[in-house]
Every structure is written in C-alpha cells, then in structure tokens.
Amino acid sequence: MGPSRLSASQIAAWVNGRQPRPPGEWAATVPLETMAQYFVEEGAAEGVTGDVAFMQSVVETGWFRFSGSVPASHNNFAGIGATDVNPAPAMFPDARTGVRAQIQHLRAYADPAAVTCTMPPLHNPCVDPRFHLVVPKGKAPTWDQMGNGNWASASTYAGSILGLYREALAFNGVR
C-alpha cells in the first residue's frame, strides 16, 4: 500500500531506455504510455503502489510480450487465475479493467480492512474475480512478502519485482 514514486512517463522512459532491450515486441492491447498511466491511476485510487504493480506485470507477462500461458487478448497482466493447478486465466474486456483487477487483488493481499470486494472499501466497482479467495485479507502487506505461496510459488518472485523497481528508480534518479 502507498503512493507510486514513479510517474507514468518515468515508467515509460525506463522501459524505452532499458538496456539490454527485452526480446520481442510490445503486445499489450494499449500502448506503453497508456498502460503505465493506468497503473499509476488505478494504484492511486486504491492506495496500492501502482508503479511496483507495473513491475509485477513486467515479470508476469515477460515485458508485455505474453510468451506464457495468458495471451495479450485476455488483458490479464498479473496471471490472475493462471494457477499451477487447474489454471483458468481470467479475461478482462479492456486493459484498464485488467489493471484494475490486478490492483484490487493486490489490495486484498495488502489490506486487512479490505474484507469485501465492494464499494467501500474499494473505490471503484469490483472487477477482481478472485478477491474472495485471498484469505486472510492483508496476509502480505509488503512486496517482500510476495512469493512463497503469496500470489506466486517462486521464492524469488518478490526479489525479481523489487529488482526491476530499483532499476527503474535509479534510471529516473529517484531515491
């Protein structure tokens, strides 16, 4: 939970200026600048660090190249429903809705007060189809607690997200 430290333009500048360039082509249903803006705006609406959530999507989608089990057309940037057992990846009608679902799902993990997927506690209508499956609410209030069964099974999950975030902060001269 917390405000983004990077603006949408700073996120886009980092992606565009990153060396080495990620292989493949941008495949999301909206341009990079629009996607970054959605993360910052939706994160701000729910009090979730939207800039770090963007980094989570970089990890989940392979730099928005979608080489995994969830195609770009699903607008699912966090692998919601793409579980290790019985995967059923969620589909969203547009990119903003997909980002909103991810932010709401992150809020369920971070905020013990977000006990229902309604307005309030959420600020926007609930679009997260798996909000109710996060039990208990607030079980991972920091990004360091993600992975090891919280969101993903990999023990390196949090480190990969936070490593990209530190890289983006440094690229933009943000301390």
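The values are calculated or read from the model by the stated rules, or taken from the named source; none is laboratory data. Keep in mind the model is a prediction, meaning the values are calculated, not measured. With ideal geometry, Cβ positions are generated from the backbone for all residues, glycine too; neighbour counts draw on all protein chains shown. SASA here: full protein model, heavy atoms, side chains in, ligands and nucleic acids out. Shrake-Rupley method; radii C 1.70, N 1.55, O 1.52, S 1.80 Å.
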Exercise for the section: May I ask for the angle, rounded to the nearest 10°, between helix 8-17 and the longest principal axis of the chain, with both axes built from Cα atoms and the value confined to 0 to 90°? Expected result: 50
Problem - Within a Gaussian network of the chain (alpha carbon springs, distance under 10 Å), most fluctuating of 19, 102, 37 - result: 19
Completion exercise
Ordering 156, 83 by the accessible surface of their heavy atoms, 1.4 Å probe, largest first, yields 156, 83
Completion exercise
Comparing 94, 128, 111 in a Gaussian network model of the chain (Cα, 10 Å), the one with the largest mean-square fluctuation is 94
Completion exercise
Between residue 166 and residue 21, the two model label points (7 Å from Cα along the beta-carbon direction) sit apart by a distance in nm of 2.7
Fill in the blank from the handout: In degrees rounded to 10, the 0-90 angle between helix 157-171 Cα long axis and the longest Cα principal axis of the chain is 40
Practice task
For helix 50-61, report the angle its Cα long axis makes with the longest principal axis of the Cα atoms of the chain; keep it between 0 and 90° and round to the nearest 10°.
Solution key: 80
Practice task
Might you tell me the accessible area per residue for the stretch 1-125, computed with a 1.4 Å probe and given in Å²?
Solution key: 42
Fill in the blank from the handout: Quick calc: nm separation of the 7 Å Cα→Cβ label points for residue 144 and residue 126 -> 3.1
